[in-house]
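In what follows, a single structure is set out as structure tokens and then discussed.
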Protein chains: 2
Amino acid sequence: MDAWMESGMESAVAPRLDRDASNCSIARTLEIVGEKWTILILREVWYGSFRFSDFERVLGCPRNLLAARLRMLVEQGILVTEAYKEPGSRSRPKYVITPKGMDLVPAVMGLLQWGDRYRAAPEGPTVLVRHRGCGARVEAQTRCDHGHHVQAHDMESVPGPACLPKPAQ
Amino acid sequence: MDAWMESGMESAVAPRLDRDASNCSIARTLEIVGEKWTILILREVWYGSFRFSDFERVLGCPRNLLAARLRMLVEQGILVTEAYKEPGSRSRPKYVITPKGMDLVPAVMGLLQWGDRYRAAPEGPTVLVRHRGCGARVEAQTRCDHGHHVQAHDMESVPGPACLPKPAQ
DNA sequence: AGGCTGAGTTTATTTTTATATACTCAGCTA
DNA sequence: TAGCTGAGTATATAAAAATAAACTCAGCCT
């Protein structure tokens, strides 16, 4: 256990450690998926939509924002466009999630789960996520590399290699 | 397996199912924590900050927005204020996370993890989250109730009890 | 050739955020 | 009792984001 963790520590990180708040993976993730509509677009992709017009219809999101968000997601490698063609129509782009996009699923599942727990409709959740193999309900969890299920209060956040002090002002 | 899942299904939800996109736990969660600064405030609480002035200094967020976001988080029961008193100062409010707030940790860990994987500084992550008991790295995962680790493509999303068709337009 | 459709782009307007500054208010300290 | 401090509130302005509606453009269909 690190020296600064000994004696009287209550909080997760050394108090007064003047981190640079923008040098943070959470902030960097939110720069990409934290704008309005982005997560909901990903939700729709995850639920099986892939057409521009589907996103627009289901989300009710303005077209220019939808175009901007899709452009961002493609630039960032979270979605890719493929061509698809329906009989009688010309070829159009199809938005498909990449492995990098798939890696956002735990975060989105976490949001879904919190909403199900605290803000669901009286009848229950709108969508159930199940394991395709065994049919059991899927849940976002936090676990350590030893396989223990870790509750929030059993975590400690320690400075990593890129933790630089905030430049003095 | 449900009838609509048979034959030719590729996407996670029955195609053309006209869900009402706003009747969604993800959307409802984002209504509360999806505004700018909110998740970053929670991150700071999680890292051990609790004073108004700490949030302001570390995040560089405007005071009026900070006050508005804290008010929202308290209204929603994600944070509570307690009184704390430093010697020589009068009693002041301290923002403390509730169990309801703790339940957002899996989602926030998911965001952290994605940023660590795809947008970290060259030196590595800024913060490491460890299990207080065994010291091992903590990770956000998706698992089913049978304990299987479930990848995104092994999930299926099926309509839940509150899945009403979108009202015809 | 003319119309239709999906996938956007453009432009104008409104709403949110951001920034900056001044102000309040309680209680500790000199 | 006057000043200082932390935790806000109030107000004004500027910048950014969201919304709404009209417009473009390619290619299929008649």
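Among the listed residues A:V74, A:V138, A:V96, A:V80, which satisfies the condition of being at pLDDT 95 or above and part of a helix (DSSP H, G or I)?
Values: A:V138 fails: part of a helix (DSSP H, G or I); A:V96 fails: part of a helix (DSSP H, G or I); A:V80 fails: part of a helix (DSSP H, G or I).
Every option except A:V74 fails the conditions.
Taking the range B:119-135 only, how many residues are outside any strand (DSSP E or B), within 21 Å of the chain's Cα centre (by Cα) and either loosely packed, with under 14 Cβ neighbours inside 10 Å or not charged (D, E, K, R) (or both)?
Residues that pass the stated criteria total 3.
Find the residue count for the range A:62-97, including only residues that are open to solvent by less than 50 Å² (accessible area, probe 1.4 Å), away from DNA strand D (no atom under 12 Å from the Cβ) and aliphatic (A, V, I, L, M).
6
Take the residues of the range A:34-46 that are open to solvent by less than 10 Å² (accessible area, probe 1.4 Å) and facing another protein chain (nearest Cβ under 8 Å): which is farthest from DNA strand C (Cβ to nearest atom)?
Taking the candidates together, the pick is A:R43.
Of everything in the range B:30-69, what is in contact with a Pro (Cβ under 9 Å, 6 or more places away or on another chain) and assigned to a helix (DSSP H, G or I)? Give them in sequence order.
The answer is B:F52, B:E56.
Determine whether B:G101 is touching a helix residue (DSSP H, G or I) at 6+ places or on another chain (Cβ under 6 Å) and either of a type in the set (S, T, N, Q) or within 14 Å of chain A (Cβ to nearest Cβ) (or both). Break it down into steps so the answer makes sense when it comes.
Details: touching a helix residue (DSSP H, G or I) at 6+ places or on another chain (Cβ under 6 Å): no; either of a type in the set (S, T, N, Q) or within 14 Å of chain A (Cβ to nearest Cβ) (or both): yes.
Judged against the criteria, B:G101 is not a match.
All but one of (1) in contact (Cβ under 8 Å) with a residue 24 or more places away in the chain; (2) more than 25 Å from B:G124 (Cα to Cα) hold for A:A107, so report the exception by its number.
Status for A:A107: all satisfied but (2).
Taking interchain pairs and intrachain pairs at least six residues apart, which have beta carbon atoms under 6 angstrom, with the first residue in the range A:48-61 and more than 13 Å from DNA strand D (Cβ to nearest atom) and the second of a type in the set (S, T, N, Q)?
Taking only residues 6 or more apart or on different chains, the pairs are A:G48/B:S11.
Report every pair of residues separated by at least 6 positions or lying on different chains whose Cβ atoms are under 6 Å apart, first residue within the range A:141-155 and facing another protein chain (nearest Cβ under 7 Å), second hydroxyl-bearing (S, T, Y).
What qualifies is A:V150/A:T142.
This table checks each residue for (1) farther than 24 Å from B:P99 by Cα; (2) more than 11 Å from chain B (Cβ to nearest Cβ); (3) touching a strand residue (DSSP E or B) at 6+ places or on another chain (Cβ under 9 Å); (4) within 15 Å of DNA strand C (Cβ to nearest atom).
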site	(1), (2), (3), (4)
A:N23	yes, no, yes, no
A:I32	yes, no, no, no
A:E56	yes, no, no, yes
A:N64	yes, yes, no, yes
A:E75	yes, yes, no, yes
A:K85	yes, yes, yes, yes
A:S91	yes, yes, yes, yes
A:V108	no, no, yes, no
A:L111	no, no, yes, no
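The values are calculated or read from the model by the stated rules, or taken from the named source; none is laboratory data. Everything quoted here is computed from the prediction, not taken from an experiment. Please note: Cβ atoms are built from the backbone with ideal geometry, for glycine as well, and neighbour counts cover all protein chains shown. Note: accessible area is taken over every heavy atom of the protein model, side chains too, but ligands, DNA and RNA are not part of it. Shrake-Rupley method; radii C 1.70, N 1.55, O 1.52, S 1.80 Å.
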